[in-house]
1. When ASP259, ASP297 are ordered from fewest to most other Cβ atoms inside 10 Å of their Cβ, what list results?
2. Please give every one of the lysines within straight-line cross-link reach of LYS102, meaning a C-alpha to C-alpha distance under 29 Å, and leave out same-chain neighbours fewer than 8 residues apart.
3. Give me the extension gain from ASN136 to VAL279: residue separation times 0.36 nm, minus the current Cα-Cα distance, reported in nm with one decimal.
4. Which whole-number percent is the relative contact order of segment 4-341 (Cα, under 8 Å, 6+ apart)?
5. Taking 0.36 nm per intervening residue step and subtracting the Cα-Cα distance, what contour gain separates LYS310 from THR290 on full extension?
6. Using the Karplus equation 6.51 cos²θ - 1.76 cosθ + 1.60 (θ = phi - 60°), what ³J(HN,Hα) coupling, rounded to whole Hz, does each residue of segment 265-282 give in order, writing x for Gly and Pro?
7. If you take the charge dipole of segment 4-341 about its Cα centre, with +1 on Lys and Arg Cβ and -1 on Asp and Glu Cβ, which of ALA235, LEU99, PHE60 is farthest toward its positive end?
8. Hey, what do the phi angles of segment 314-321 turn into as Karplus ³J(HN,Hα) couplings, whole Hz, using 6.51/-1.76/1.60 and θ = phi - 60°, x for Gly and Pro?
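Since every read-out is calculated from the coordinates, none of them should be taken as a lab result. Note that the structure is predicted; figures quoted are calculated from it, not measured. Positions of Cβ are generated from backbone atoms using ideal geometry, with glycine treated the same way; all protein chains shown enter the neighbour counts.
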Amino acid sequence: MASYRNKVGAILSMFCLLVAPLFAFAGAQEFNQRGDLLIADQFNNRVIEIQPDGEIVWQFGRGPNDISPNSIVGTNDAQRVGSLTLMAGTGVPAASPPLEPKCAAGCADNRVLLVDKDGHIEWQYGQFGVTGSGPNQLNTPVQTTWTPRFTVLITDQGNQRVIEVNLNKKIVWQYGQTGVMGTGPDQLNNPNSAELLENGHVLIADENNNRAIEVDHNKNVVHTFTVGGTASGVAFASRLPNGNTLITDSNNSRIVEVDPADHPVWTYLTNLQTGSNPVPLPTRAVRTRTGKTVISDQFNDRVIIVDMAKHIVAQYGNLNHPGYGTANTSQGLNAPYDAKVVGDYTGLTPPFEFEFPSDTDDE
């Protein structure tokens, strides 16, 4: 076991790595600008940062024909942490026709990465091409959240769990029994996201149980949201500053805001536009500080921004038409799974600030 001094030194080094670049890039014209969008472009095996006009200013991953560790295969999630990018490599399942040109038999990635502006991997949990539940192993990690404790919440979908991993790659908290599907205490069925709340609880999108649950640190379920029993395929859930919960009700092609009593107060359907995929399976909806909602409309191959009056005020990618390009999203996206505004969403309910953990022992 490393000494306390060594561990604190490691934390300080990581702090400098994460926080100092916020100032270093303050004068940059392109990368890591507030108001840009970070998109997990799932079947193009990349994460991109785009400006509001759709111009691509940064990319990690080499495109749909690359299934090497140099890309992020089947990426489902991305968020900015300082000037680093936290992302989840979910992999691609076997399918006919194949979801990607070289992945008819499926391609595993199973990594959570922190990468810098130049694409260097600064931290990794999980192993490329390795599927498992042992130390430093994952099975279809679909979402990640950086916490103020300098840990990472990982929604390890294929292992039916949400785990909190420290920088020494040790699991320090877990909800869900590894490899066990269920609806009982400490059980999940195909979890798809986890968000840390201001009260220390974790909000989990328990997708195939058609619910979002709020659990405390002792693994007690303190709230359950099902949109009055109508939700089907809860792909994402996020707590709003007004206390309501924003739910991505994927199988119903809708985004629903519910109040604390689980009553819907706002709904948006993503499959009503002429030419839409009838079942686009939207996967993420994130409310911005300005009251707009950023929606990853997965199998409509687009990201849209919708105002509270339900008008589309911006679209990236082309409706129900996959594509790939490195200049602008008008060239196309391929089943984008996640999109967030840089500087607006961190996966934490505000207000949160970085805090040093008192100890990083792997207990």
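1. Ascending number of Cβ neighbours within 10 Å: ASP259, ASP297.
2. Straight-line reach from LYS102, under 29 Å: LYS117, LYS340.
3. Length difference between fully extended and current span is 47.9 nm.
4. This gives 11 percent for segment 4-341.
5. This chain segment gains 5.8 nm when fully extended.
6. 10, 7, 9, 9, 9, 9, 10, 8, 6, 4, x, 5, 4, x, 10, x, 6, x
7. Result: PHE60, furthest along the dipole toward the positive end.
8. 7, 9, 10, x, 10, 3, 6, 8
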